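The values are calculated or read from the model by the stated rules, or taken from the named source; none is laboratory data. No experiment lies behind these values; they were computed from the predicted model shown. For neighbour counting, all protein chains shown are included, and Cβ atoms are generated from backbone atoms with ideal geometry for every residue, glycine included. Note: areas computed on protein heavy atoms with side chains; ligands, DNA, RNA excluded. Shrake-Rupley method; radii C 1.70, N 1.55, O 1.52, S 1.80 Å.
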Amino acid sequence: MFKVRGIAASRGIAIGKAFYIGKEELTIPKRKIRHEDISREIYRLEEALIDTRKEISTLQKKISDEMGYNHARIFEAHMLVLEDRMLIEDVITQIKNKKVNVEYAFSQSVKKYIDTLRKLDDEYLKERALDIEDVSKRVLRKLLKKEVPSLERLKEKVIIVAHDLSPTDTASLPKGKILGFVTDIGGRTSHTAIIGRSLGIPAVVGAEIASSHIQGGEILIVDGFEGLVYIKPTEKIIKDYQKKMEKIERFSRVSYFPKLAKAETKDGRRIIISANVELPEELPLVETYGAEGIGLYRTEYIFLGRTQLPSEEEQYRAYFNVARKIKPHSVIIRTIDIGGDKFLSKPTVPREMTPFLGWRAIRFCLANPGIFKVQLRAILRSSCEGNVKIMFPMISGIEELREAKKILEECKKELKRENKKFDENISVGAMIEVPSAALVADILAKECDFFSIGTNDLIQYSLAVDRADEKVAYLYEPSHPAVLKLIKIVVEAAHKNKIWVGMCGEMAGEFLFAVLLVGFGLDELSMPPPRIPQVKEIIRSFSFQEAKKIADDVLNFSTSRDVEKFLQERVKSVLKENYYKFLK
Ligand code: PEP
Ligand code: MG
């Protein structure tokens with residue numbers, strides 16, 4: 001048995017077989033062939049191409065059924081490679097002229113192609129090199145008769161193990177097949193971890209060496225509470241964990257926490273509890289866990305993992321469906337937050353040294369008004385179907401907010417001219433996730449309808465801790481006094497200017513902080529749906545007066561450890577013997 005410690009990214013326990021997703025090296029043999037073998041090698045090439053085409057179209061259909069057609073479009077580029085006459089002719093010429101085996105000829109032709117494309121200045125063609133690389137591996141695997149274990153074909157559910165999983169990778173995994181996941185890198189608020197939490201899949205990230213100790217097939221235990229991964233655990237540990245799982249199952253059943261109960265303090269202060277949503281699979285959870293609408297709809301997931309940007313019509317349909325489903329509650333549609341750890345395939349953005357500080361979110365949108373306007377028009381049009389609000393991410397000062405609003409006004413004018421309907425009084429909010437925005441919240445509040453505090457970024461920017469870097473994860477502290485002071489400033493600025501203020505960072509879903517956030521005066525908390533019942537229960541256990549006193553007291557502490565200890569004591573003293581059900 002071997003135990004690895006990482007970062008607890010998504011609560012829960014998973015016991016099951018490991019499925020390793022790694023970088024695959026294929027060894028290509030070089031053989032001289034006889035003249036009479038040439039036609040056999042060409043036949044093998046054709047056979048491999050046909051089989052690969054079949055494989056891709058099956059995959060394309062499956063992804064299209066599960067996640068929608070647009071997620072499956074990436075395979076169109078792969079099909080084009082398989083039909084590329086120039087490439088195929090080149091392979092055949094090599095087999096004939098050089099008298100070499102098909103695997104070798106194919107790998108050489110592909111290499112030539114990729115090298116040429118990579119040297120070009122055209123970003124689109126450079127990107128096609130990746131498609132060619134990807135699809136050529138499939139063909140080579142067929143020729144070498146090396147089938148990769150495919151998740152699609154697995155009969156049992158597995159625990160995914162990888163050095164890294166990008167948000168795009170995570171979004172496209174077949175969710176029904178996954179018990180949990182473990183990655184070597186990443187932090188608690190990296191977007192991969194966020195998806196795990198939203199879907200309620202136990203996860204440990206930043207487990208540094210985990211993937212180098214796991215081949216795939218061995219039994220693992222993922223403890224998403226403690227951030228532990230057991231590799232080939234003993235029978236005793238498996239039994240202990242099975243018992244824990246039974247206990248968790250009993251306590252975390254949605255029915256245990258009355259889902260329809262409102263989040264209201266004992267003395268009657270109402271807090272709106274809403275859900276964060278990334279993927280279509282999460283939509284049913286909004287209702288299941290009793291959310292009052294969607295406080296953060298991360299629209300960038302519609303844009304990821306595809307070769308073409310989604311059209312206005314396609315986006316309109318996506319937003320319209322969500323708005324209709326959530327009605328009469330509201331959905332806050334956040335305009336795309338591209339950059340940081342989420343990148344588009346097209347347009348390709350040059351890799352930056354510090355992407356979280358670079359060309360991200362509203363900065364990217366303001367620099368690409370064409371892309372921005374298509375999204376704004378789609379959101380506006382969807383607003384006649386339900387209660388839709390617009391929110392801009394990563395605002396750092398008033399000029400950015402004004403510029404974004406100006407473009408929004410242009411879109412409204414265009415739609416009016418075209419006689420297209422929309423809610424003319426649509427609410428417009430700013431995410432407060434950059435420390436400068438928090439400090440000038442009084443200025444911003446005069447020019448928008450609401451704030452939502454994005455603590456995931458606010459913490460990383462105010463404490464200078466990359467949220468996706470496991471090495472500095474110990475410094476990533478939501479209860480750091482500096483973070484708490486910024487939250488307080490934002491809430492006060494909002495209320496002074498008579499606008500409401502919510503929080504949609506992961507901190508909003510941590511039950512320990514719920515009473516503190518209510519005490520600070522937040523009007524709304526938006527979180528991964530599985531977190532909702534517990535947060536509601538905490539809010540219902542305190543009075544607003546008590547919460548305010550807690551918030552005042554907490555501001556006197558100098559370390560986050562003191563803050564958390566104090567909160568734990570207060571929450572424990574109110575929940576008494578019920579406290580432990582919140583932990584496991
Ligand atoms: C945040 O920064 O807190 C937030 C909600 O946005 P994201 O996690 O998508 O950056
Ligand atoms: Mg953010």
Inset, instruction - Tell me the GluC sites (Glu not before Pro) within segment 1-51 that lie in a loop according to DSSP and have at most 13 other beta-carbon atoms within 10 Å. - result: GLU24, GLU25
Inset, instruction - With both partners inside the chain, how many of the DSSP beta bridges are antiparallel, as a percent to the nearest 5? - result: 30
Legend entry - Projected label distance in nm at ASP51 and ASP134, using a 7 Å step from Cα toward the beta-carbon: 2.2
Inset, instruction - Using only Cα atoms, find the angle between the long axis of helix 85-98 and the longest principal axis of the chain, and express it within 0 to 90 degrees, rounded to the nearest 10. - result: 40
Legend entry - Candidates per GluC sites (Glu not before Pro) in segment 355-431, loop by DSSP, up to 10 other Cβ within 10 Å: GLU418
Legend entry - Solvent-accessible surface (1.4 angstrom probe) belonging to ASP122, in square angstrom, nearest 10: 70
Legend entry - Accessible surface of LYS3 - all protein chains present, 1.4 Å probe, nearest 10 Å²: 110
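Assuming a viscosity of 0.692 mPa s and a temperature of 37 °C, what translational diffusion coefficient in µm² per second does Stokes-Einstein assign to segment 311-357, Rh being the Kirkwood radius over Cα pairs?
250
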Inset, instruction - Let me know the shape class of segment 167-307, please: from the alpha-carbon gyration tensor, a ≥ b ≥ c as square roots of the eigenvalues, rounded when a/c is under 1.5, otherwise prolate if a/b is greater than b/c, or oblate. - result: oblate
Inset, instruction - Calculate, for the chain, the solvent-accessible area per residue in square angstrom, rolling a 1.4 angstrom probe over the heavy atoms of the protein chains. - result: 44
Inset, instruction - Quick one: P(r) of the chain from all Cα-Cα pairs, 10 Å bins, percents rounded to integers, in order of increasing distance. - result: 3, 16, 25, 25, 17, 9, 4, 1, 0, 0
Legend entry - Extension reserve of the LYS421-GLU235 stretch, reckoned as 0.36 nm per residue once the Cα distance is removed: 60.7 nm
Inset, instruction - Would you calculate the separation in nanometres between label points at LYS262 and ARG118, each defined as 7 Å from the Cα along the Cα-to-beta-carbon direction? - result: 6.2
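Counting only helical runs of four or more DSSP H residues, what would the 222 nm mean residue ellipticity of the chain come to if each run contributes -39,500 (n - 2.57) and the total is spread over all its residues?
My calculation for the chain gives -15000 deg cm²/dmol from helical runs alone.
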Inset, instruction - With a cut-off of at most 15 other beta carbons within 10 Å, and DSSP calling the residue loop, which trypsin sites (Lys or Arg not before Pro) in segment 371-467 qualify? Please list them. - result: LYS420, LYS421, LYS446
Inset, instruction - Find how much the distance from ILE219 to ARG351 grows on full extension, using 0.36 nm per residue of separation minus their present alpha carbon separation; answer in nm with one decimal. - result: 43.8 nm
Inset, instruction - Report the far tail of the P(r) of segment 35-144, meaning the percent of Cα-Cα pairs longer than 18 Å. - result: 51
Legend entry - For segment 491-584, radius of gyration divided by Kirkwood radius, i.e. Rg to Rh on alpha-carbons: 0.96
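Protein chains only, probe 1.4 Å: how do THR234, THR307 rank by accessible area, largest first? It would help to have the intermediate numbers written out before the result.
Values: THR234 65, THR307 30 Å².
Largest to smallest exposure gives the sequence THR234, THR307.
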Inset, instruction - Normalising by the residue count of the chain, find the relative contact order in percent from Cα pairs under 8 Å and 6+ residues apart. - result: 15
Legend entry - Approximate spin-label separation LYS413-LEU475, in nm, with each point projected 7 Å along Cα-to-Cβ: 4.7
